[in-house]
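Reviewing the structure listed below.
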Amino acid sequence: AQSVTQPDIHITVSEGASLELRCNYSYGATPYLFWYVQSPGQGLQLLLKYFSGDTLVQGIKGFEAEFKRSQSSFNLRKPSVHWSDAAEYFCAVGAQGANNLFFGTGTRLTVIP
Amino acid sequence: DAGVTQSPTHLIKTRGQQVTLRCSPKSGHDTVSWYQQALGQGPQFIFQYYEEEERQRGNFPDRFSGHQFPNYSSELNVNALLLGDSALYLCASSLGFGPEKLFFGSGTQLSVL
């Protein structure tokens, strides 16, 4: 069965500190992996995606993620967090040719000055 | 170039009523997918429309139905509303199939009282 686990419901970091958001997935086929960000009451903005090639992918807003097949993980990182990064972050998994993404329950990021 | 547009942005209904939500896909896109995002949860796939037919469906009851028009726009209909149907409904469009092709709208916030 397909599933995505984001073990951290809420994370608080200081502005300028580094960030890592965890994501573990369970998927039978070769996974297509995504990180989305959502501000309150808004839709989803794609930060980055991975489906093949280099396991370290770069995204928008200075985010990056690393795919580790052996650990079934796709953690999101940012070296220096900005106050505007405060939002909800969702990890998702899908399959080639399919439009049904499976999302985790999200991690809410709070940034303190 | 307009992205994915959804209407209305907010809606309040009463239990037992019926509701219709609308989605206009991004220009050039021919496939529409719908997701339900309950409070504090990640989005869940409802169904996908392509060539005016439902092509794939998630684990949602028959109270949830949809339609796609020749201009590729789509409607999501929910009958016999329950309190638990209160959620943000997201529409995503794509040109063909594939999770990496999805563009999400800002959603319609449905409140059922």
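The values are calculated or read from the model by the stated rules, or taken from the named source; none is laboratory data. Everything quoted here is computed from the prediction, not taken from an experiment. Using ideal geometry, Cβ is built from the backbone for each residue, glycine included, and neighbour counts are taken over all protein chains shown. Keep in mind that these areas ignore ligands, DNA and RNA; they rest on the heavy atoms of the full protein, side chains included. Shrake-Rupley method; radii C 1.70, N 1.55, O 1.52, S 1.80 Å.
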### Task
Would you please name the residue that is nearest to the other protein chains (Cβ to nearest Cβ), looking only at residues in the stretch A:47-62 that are assigned to a strand (DSSP E or B) and either closer than 21 Å to B:GLY42 by Cα or hydroxyl-bearing (Ser, Thr, Tyr) (or both)?
A:LYS49
### Task
Keeping to the stretch A:86-104, report how many residues are surrounded by 23 or more Cβ atoms within 10 Å (Cβ to Cβ), over 16 Å from A:ALA65 (Cβ atoms) and more than 7 Å from chain B (Cβ to nearest Cβ).
1
### Query
Which condition does B:PHE103 not pass, out of (1) touching a Lys or Arg at 6+ places or on another chain (Cβ under 8 Å); (2) open to solvent by less than 50 Å² (accessible area, probe 1.4 Å); (3) within 12 Å of chain A (Cβ to nearest Cβ), if it passes all the others?
(2)
### Message
Restricting to the stretch A:67-85, count the residues that are among the polar types (S, T, N, Q) and surrounded by fewer than 14 Cβ atoms within 10 Å (Cβ to Cβ).
### Response
4
## Note on the structure
Over the stretch B:16-51, the set of residues away from chain A (no Cβ under 14 Å) and farther than 28 Å from B:LEU113 by Cβ is B:SER27, B:GLY28
### Query
Looking at the stretch B:3-99, what strands (runs of 3 or more DSSP E) fall wholly within it and have at least 2 residues that are acidic (Asp, Glu) and open to solvent by 10 Å² or more (accessible area, probe 1.4 Å)?
B:53-57
#### Entry: Enumeration of residues in the stretch A:22-46 that are in contact (Cβ under 8 Å) with a residue 40 or more places away in the chain and either at the interface with another protein chain (Cβ under 8 Å from one of its Cβ atoms) or in a strand (DSSP E or B) (or both)
A:ASN24, A:TYR25, A:SER26, A:TYR32, A:LEU33, A:PHE34, A:TRP35, A:TYR36, A:VAL37, A:GLN38, A:LEU44
### Residues that are closer than 21 Å to B:LEU39 by Cβ and open to solvent by 60 Å² or more (accessible area, probe 1.4 Å), drawn from the stretch A:8-38
A:ILE9, A:HIS10, A:THR12
